[in-house]
Amino acid sequence: MKLAIIKLSAMGDIIHAMVALQYIKKHKPDIVIDWFVEKAFSQVLEYNPHIDNIIEVHLKKIKKDKLSIFSEIKELISYKNNNYDLVIDAQGLLKSAIVAKIIGKNVAGFSKDSIR
């Protein structure tokens, strides 16, 4: 089974969300967990033994360079080939919802009614 977690930023929130990984791995030891995160926060995840792959995104740079959206979307589309069984949007923002929808079919997380 392959799981993708989308928690892009907010260091404290990332740290709190990491706690759940130990329980996931305890019950599903063979699960592969990929974590999508803004590059600036990737080091927070670096030595977590429960994360198989840390995937850096660069969505914040789109504010300064509008055309970079095309390269970012192209990069995200390439992760669709990972065939995630489940994508968890743990951020609850529009940008995390977009990332989740691009990379996977089966998405769990905040509803469109509560998303900011």
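The values are calculated or read from the model by the stated rules, or taken from the named source; none is laboratory data. Every value quoted in this text rests on a predicted model; they were computed, and no experiment measured them. Ideal geometry is used to build each Cβ from the backbone, glycine not excepted, and the neighbour counts take in all protein chains shown.
Residue 54 - would you say it is within 20 Å of residue 17 (Cβ to Cβ), crowded, with 16+ Cβ neighbours inside 10 Å and without any contact (Cβ under 8 Å) to a residue 40 or more places away in the chain?
Working: within 20 Å of residue 17 (Cβ to Cβ): yes; crowded, with 16+ Cβ neighbours inside 10 Å: yes; without any contact (Cβ under 8 Å) to a residue 40 or more places away in the chain: yes.
So residue 54 passes the test.
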Residue that is nearest to residue 23 (Cα to Cα) [pool: residues in the range 65-83 that are of a type in the set (D, E, K, R) and surrounded by fewer than 14 Cβ atoms within 10 Å (Cβ to Cβ)]: 80
Answer yes or no: is there a residue in the range 35-48 that is within 21 Å of residue 97 (Cα to Cα), without any contact (Cβ under 8 Å) to a residue 24 or more places away in the chain and among the charged types (D, E, K, R). yes
What are the residues in the range 9-23 that are surrounded by fewer than 16 Cβ atoms within 10 Å (Cβ to Cβ) and closer than 9 Å to residue 50 by Cα, if any? 22
Hits in the range 16-68 - residues which are among the acidic types (Asp, Glu) and closer than 23 Å to residue 81 by Cβ: 30, 34, 38, 52, 56
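Against the definition (surrounded by fewer than 19 Cβ atoms within 10 Å (Cβ to Cβ) and in contact (Cβ under 8 Å) with a residue 40 or more places away in the chain), how does residue 106 come out, yes or no?
Numbers: surrounded by fewer than 19 Cβ atoms within 10 Å (Cβ to Cβ): yes; in contact (Cβ under 8 Å) with a residue 40 or more places away in the chain: no.
Against the criterion (surrounded by fewer than 19 Cβ atoms within 10 Å (Cβ to Cβ) and in contact (Cβ under 8 Å) with a residue 40 or more places away in the chain), residue 106 does not qualify.
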Scanning the range 78-98 residue by residue, those part of a helix (DSSP H, G or I) and closer than 16 Å to residue 33 by Cα turn out to be 79, 80, 81, 82
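For (1) aliphatic (A, V, I, L, M); (2) at pLDDT below 95, each residue gets a yes or a no:
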residue	(1), (2)
5	yes, no
11	yes, yes
30	no, no
33	yes, no
50	no, no
54	yes, no
61	no, yes
74	no, yes
The condition from (1) free of Cβ contacts under 8 Å to residues at least 40 places away in the same chain; (2) closer than 15 Å to residue 2 by Cβ; (3) of a type in the set (Phe, Trp, Tyr) that residue 84 misses is numbered (1)
Out of 62, 6, which single residue is within 23 Å of residue 106 (Cα to Cα) and surrounded by 12 or more Cβ atoms within 10 Å (Cβ to Cβ)? 6
